[in-house]
Every structure is written in C-alpha cells, then in structure tokens.
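Beneath this line is the structure, given in structure tokens, with notes to follow.
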Amino acid sequence: MPATDTDRQALDSVKDDYKYGWSQPENYVFKARKGLDHEIVEQISRMKNEPDWMRQLRHEALDIFFARPIPTWGPDLSGIDYQDIYYYIKPVETQGRSWDDVPSDIRETFDRLGIPEAERKFLAGAGAQFESEAVYHSLKQEWERQGVIFLDSDGGLREHSDIYKEYFGTVVPASDNTYAALNTACWSGGSFVYVPKGVHLDIPLQAYFRINAQSMGQFERTLIIVDEGASAHYIEGCTAPTYSTDSLHSGVIEIIVRKNARCRYTTIQNWSTNVYNLVTQRSLVYEGGTMEWVDANLGCLAEGSTVTTPEGVKPIENLEVGEHVLSYDEAAGRLCFRRVLGKRFSGHQPVHTVSVGERKLRVTANHPFYSYTCDAAMPKKLGRYRLGYVRADHLKEAIVPCVSVEYGKPHRLVKPVLTTQFNSRNQYADGLVMTRERPSRMADVEYTTDEIMWLFGYWLGDGDIRTQAGKTEDMIRWATIGFSTPVADRARGRLMDTMTMLIDAPPVERADGIHVAWCSKELAEFFRLNGFVGGAREKRVPRWVWSLPESQRLAFIAGYLDADGYVLAQRRFSLKSASRELLEDVASLLVTLGITSRLYTEFDQPKTVTIMGVECVAHSAHRLAFPWDERLLPHLSPALLRKAEECVPAQYKHHRAVGRSSIKLPDAVQVAEVGVSEPSAEAVPTWDIEVEGTGNFISQGFIVHNSKTTMKYPSVYMLGDGAHGQILSMAFAGRGQHLDTGGKLVHAAPNCSSQLISKSISKNGGRASYRGLLKVSKGAVGARSNVVCDALLLDEKSRSDTYPYIEIDEDDVTIGHEASVSKIGEEQLFYLQSRGLAEDEASAMIVSGFIEPMVKELPMEYAVEMNRLIQLQMEGSIG
C-alpha cells in the first residue's frame, strides 16, 4: 500500500518559482463528461478498443474503489471531489512518431518544457503524454533493432496483449489500496517498457506527463519489464498548470526486474500546488537483480503577509508548524481555526498586489484565491458556475470574509516607572545622583478593556501630548494629555467619565472652551510607553491592537469615530486625517473585523485653509469610508449613533450571488471585485503554508489556498536469491518545515542486499525526517541491509530525525543503521574564503559537495537543475 505522507518531500522546499504554470487553450478530439461511474469506465475502454478481459478488470476495480474508504491515516484527502473530475480527455486522433506529427499547440507546450531538446541530447527514447493519451513516442533505431520496446501503455496493450494479460496488476493489484483500484478502473496512458535479455540501455528513456485542462484526472499506468541480464534507466517528469480547480494525478508503476537485471527509476516532479499527487510505485526483483529508485520533487505570499491565530495576528514567516490559523470551512460556510501542517520558504519571487478597497495582499502570480469560475461551454442547466480557486493573475472577483471570529486576548499594558534619578549637589559635594519615588495617581489598569481602547481610539483623532524637558537628560519636567473636545461635543461626557476613572487629577479647561487637558507626567508616559505618540501626521496604530479581542478592536474604532468620524449618506462611516499611513492602519484593522474600507486622498500637497475663522496651512487630507456595521453601534456615542440611524439604509447589493448562477453564498463571505497590480520589479521573499482539513487560510482579508498533497512511497520486493534494492532520497528543510520522506524494502529471498540512502539539509530551524521500512521475511537468510541517513545542519536551530522500522523474522542477517549529523565547520569556511569566495558562496559550495553523491546519480540536465535549486535555497542562509 502507499504509505507515509511525503507531501513535503525531497525538493518541494527548494523550488523558487513554479515556472510551468501556463496552459494551452483546450482543443481536444474527445472530452468525456465529468464524473465517475461505470458508464465512464465503459466509455474509456470502448474508445481504446480494449480486449474484454481489460474492460472487465476496469469494472471490477471501480467496484473496489467505491467499496473502499478514502485513506485517513495520512494527509487530508477530503478536498478531492471525485465527481468533479474529467477522467478521460483525448487530445489527438493518432500518436506522433516525430515532433512534426504533433499538433502545433501541444508541440509548443513540450517545446517550452524542453522535451525535444532533451531527447536529442540525452535520451535513448522519449514519450510525451498530454492529458489522458500519449501524443508522441519515439525510440532510437539502434535500440529498436535490439528488441527494446518503448511504447505508451495503450500501444503496449494493443500490440502485446499477451504480455499485458500475464503481468498487468500482478505487482500492484487493484485490491492493493484505494488509489490502485481507482487507477486500474480509469488508467490511460503511461509507458510500457520491455528490455530483452542481455540488452543494456546505457542512456535513459524518458516519459513526460503534462496535465493541461482544469479539473483533470491523469491516471497513467506504467509497466516495465527488464529481462535477464539487461539494464535500463527510466525517467519520469511531471508538470501541470496552476488552475483555479484541483486536478488529480494518481499513477501506478509496476516494475519487474528479472535474474541479474538492473533497473533505475528516477522521478523528477514539479507539480503545481493545485494537483493532488497520489502514486503507488512497486518493483519485484528476482535472483541477482537490482532495483534503484531515485526520487526528487522540485517543488505564495510575500514575507510580512499576516495570518490570524487564536492568540492574535502574526507574519506568515513567524508562524510555527502546529499552530492554528484562521481558515474558511467551505462545507459549513463559516470561519474557523485549523492546524498548520507545514510551512515552506518559496524563494525570492516577483509579487502582485491583490486589492479590494484597502484589503491588500502581495502574492505570486500563481497563488490561488477563493473565487468562482464560469464555463460557457457547459449547458446552462448543468451549471456553468462553480466555486473554486483562481490564480492571482487571472483574478477578477474574489470571495472574501465579511465577518470575523473571536480571537486574541487583552494586551498587558506597560506602566510608567515611578522612581526617577536626577543629578544634584549641595554645599559638601557636586555630581550627586538622587532618586525620588512618586506616588501613582493612576488607576491600577493592568490589561486593556473596552473603555481603555475607546480612549486610545479617541486620542488618535482628537488627542495630543505636550511635554517640557527637564535639565537632566531624558527627564520630563512636566507633561499634559489633552483633547480638542468642546463642552458641547458628542463624546465629552464619555471622555470625562473615562479620564476620571483612569487618573486622579483635575481637568484644565482652556479659555476658548474647545480643549481640555490633564497635567500628569505619569499619564503621558503611559500613553507613550503603549505606542500612542506623535502629532497629527505622525500618529500610528500600535501593532498589538490587531491581536485584541473583537470587542476591544470595535471599541478602538468607535473611539476614533467619536473623535473624527461622521456619517455619510446611506449609513456609511467616514474618518478624516492628515496621515494616510494612520488611515491605512485603521483600514487594516477593519479587515480583521470583516469590514472593507476605501481610502480617498483629497489633497497631498500643503495648501492654505481656513479652520474656524483661522487661516492656516494644511499639509494633506485623506478620508477613509466604510459601511455601517451593527457590531460597532454599542461602542459609539449616542449622538453619532442617532445620526447613523437617521440615515436612509442603502439598497445594498449583498454580493451573495455568484455571477448569474443560483449559487448563494453563506453570510460569512461575499463576492468583491478585485484589482491586481503588475508584478513587482524586484523579487521578494515568499512563503506558503499547508493547513489541515480546509486546505486554505485567511491572510489580510483574503481566502487563499495552500499547497496540495503528494503521497509517494517507492518499494522494492526482493523475491530471488541475491536480489538487490536501493532507494535514494534527498530533502531540503527550511524555516518552519518538517519534511518527512520514506522508502520500503522487503527481503523475501535468501542472500539479498538493500540500502536506503537519505541526504537531508536543514536550515533556519527546519526539520528533516526519514522513515524507512525494512522487512526480512522468514527464510530470507543472509540478508544484508543498511540504512544511511546523512544530515547537514546549517544552524543551531535546525533538526534531523531518523525513524527506522525494522522487522526481522530470520536469524542469519546483517542489518545496519548509520545516522550522521554534521555542520559547516569554521575551518572549511576559512579555507574557501581565503581563496576569494564570499561566505555564502563558500557555504553553498560545501552543501553542493554534501549532496554530490546523490546528484551524480541524476542525468546531466537534472543534475544541473538540482544544483541551481540548491544555490537558490542557500540564499540568505548566512548571518
């Protein structure tokens, strides 16, 4: 069965950009309807003109799939809608024998992927599968003359039906696991390789699998038979565009290695994040044979993008695996918190700014947003609109939260120190340092409350702090906290009550009756220490306010409204300020409440204005407008509340309808038009996370999707005397990542040998784990096996683990496990730096040397790409 979750295995973490996210327009010979049933399976078999035994096997396998539960022991697969997938798409009528025979649009795809070039330079033969069918297959004549068969699987079944009937499903039967049953029912394409006795393919064969359509299911079935004394190297490469809807890649690879034969299977996968990759790979190795699996997966939000946790808001790069983040449960139609399963650094990439009013998020072009799609080709009665995810650079409308959930906790306020030191002298000495303890006149307020937050918000609009410096450095002689609040002001009563509660000091009324102040160094220091400082153009909202409970954030906004807010027509609130940055802070805070605001600039250059009959210079004026929200009302002053209630309610379009469909959104979300900027000129650090269950998270007011799931667990069953199996794996774990990879070796015959080799690199607190299953069955005497796990830690925070599971039912065995952990030594760095290398260049060279035994196992073109990705991942590792 396919075992442990390898969702973030090998090189998922070193991908710097998913450069294969483009697609070609759909132009197919045949496209089956969506959905999975016996009619679809019958249609696939009929289109391929298969023999009765294969047709019957498909139907039996589909019954097994429907009868078996979806696995729950690994990563969450509940997001796969098996009835929303195309199980068969035929892109061409006939398969090409040369690239000129392939239709131009499909040929362009593989040209951009470099497949023809790779075939000319490096390969003995090449196959290309587009959707469900192979569009091209070629084998160099020198190998054809030696009897090598390299066909797509459909061609193999047609031309070599007897071989297929004998071997198909014998290594991985349909009953093996849920996805083996699904593949057996729906398989299409893949490769059939037969290498005759004694033939040695000294350069690789390659098959390249490309998903192009949205909601596509690709179920290739590969059968490889390496006969006695022969050898072969097969490379599998995979990519897909990044689409708004999920696709499913569920392959089965069956390999038979005969007596004294050798087979190497190399997987180089770079699926986009909207593809579920669920694969069963298994080989049977007979007497003296050798099987080697070489596995590498090459693989966002801009650094600084925030997510919401139950404790408050934090940047995505500071999130830890195991924490919970705000997410959207599509099935329940509500916001919720879900656990973070993984986090990865996605390299330095250009980003776009996606915005709905002042909701703004910087993301890469292919990052998926919750939205909807419309397929005009679908019959209207079947529904043209579907909820799903749309990549950022294709986004026109997004489905965004319009409510919030309770999170956060009251903030512990910083209190002034009442002991002061000052310089003094007397008739006996100079330079004396004296201390004085002042009694506190403030109430004992330890944590924020609704009333305190209302006061802070009110100060943002109408408050000021004035101080007089003392002779001693950093000493304040006196200070006042004041508010431009006339006696008749709507918030005057609440201000006086709150200040009376907070400070035991009488207010001082200015002669003109429009300003009131309290003289208190302690109170001024209290405001300053908690982040409330500056004049009209310097005021900002302290970051801790974003992490307060909802009622306190509402009270803070209400305080600002009572000071500087007014009511617009149709029950909209507006705030005005000379500071655009302050209003941007408030807009961001409103997003945490599910409220979208819009910011307008009236002027941004100084000009002369008259205020209350006094001519003065105004430097800028900005206005923030946002809709009435009932949650704000209990916190507002009665006068402002009455004004809002007197306005005629707007005939709001509630944005619950999806296009022209009958789909109605739940109350927690709404549809909003978005703007998407051009890509940034400079690449910035980017991050992505994986979230349990829902597969999405909310960042700065947008519902965005995370990475999808890979389950791949190569295995070798050694069935003949002296068989050999080897699995090579590499992982690169960055900050917040836990990469868990695995392999399976089963000794079922005497004198077999095997090896698990794992290379892992961890940096910035990353963690790499390797889980290997080794089983020695009864009668498998003389078994020799070794598990080698080498880890390179680039800093003190990183970690490496090995979890070997060894089951031995025989006495005469030699089993070893080696685990080595090393770090980059100062002597190594000094040696390389003394020869002109910078420190980061020296470190990258050491890492390249560490992985060299693995990289040299790859074909040349992949080895170059692997080293390039390692270099990219090493950026920023030093310092």
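Since every read-out is calculated from the coordinates, none of them should be taken as a lab result. Predicted model only: the values in this text are computed from it and were never measured. Reconstructed Cβ throughout: ideal geometry from the backbone, glycine too, with neighbour counts over all protein chains shown.
When LEU387, LEU319 are sorted by how many other C-beta atoms sit within 10 angstrom of their C-beta, beginning with the fewest, the order is LEU387, LEU319.
Given a cut-off of 21 Å, what percent of all Cα-Cα pairs of segment 419-635 lie beyond it? Tail fraction, whole percent: 60.
Residues in segment 581-590 carry Karplus couplings, in order, of 4, 5, 5, 5, 4, 5, 4, 5, 5, 4 Hz; the curve used is 6.51 cos²θ - 1.76 cosθ + 1.60 with θ = phi - 60°, and Gly or Pro positions show x. 3J(HN,Hα) along segment 413-422: 7, 7, 9, x, 7, 8, 8, 10, 10, 8 Hz, from the Karplus curve 6.51 cos²θ - 1.76 cosθ + 1.60 with θ = phi - 60°, whole Hz, x for Gly and Pro. Cβ-to-Cβ counts within 10 Å put MET54, MET501, MET718 in ascending order as MET501, MET54, MET718, the fewest first. Residues whose amide H comes within less than 5 Å of that of GLY470, counting only those at least five positions distant or on another chain, are MET475, ILE476, ARG477 (H built at 1.01 Å from N in the peptide plane).
Counting other beta carbons within 10 Å of each residue's own, what order do TYR265, TYR458 fall into, fewest first?
The most exposed by this proxy come first: TYR265, TYR458.
For VAL313, nonlocal amide neighbours, meaning residues 5 or more places apart or on other chains whose placed amide H falls under 5 Å from its own, are SER547. Working note: Karplus 6.51/-1.76/1.60 with θ = phi - 60° gives segment 35-41 the couplings x, 10, 7, 5, 5, 5, 4 Hz, where Gly and Pro are set to x.
Quick one: in segment 469-521, what % of C-alpha pairs are over 14 Å apart?
57
With each label modelled as a point 7 angstrom along the Cα→C-beta vector, the GLU826-ARG537 pair spans 5.0 nm. The amide H of ARG334, built 1.01 Å from its N in the peptide plane, has ASP329 as neighbours under 5 Å, considering only residues 5 or more places off or on other chains. A DSSP coil position with no more than 10 other Cβ atoms inside 10 Å describes the following GluC sites (Glu not before Pro) in segment 576-646: GLU630.
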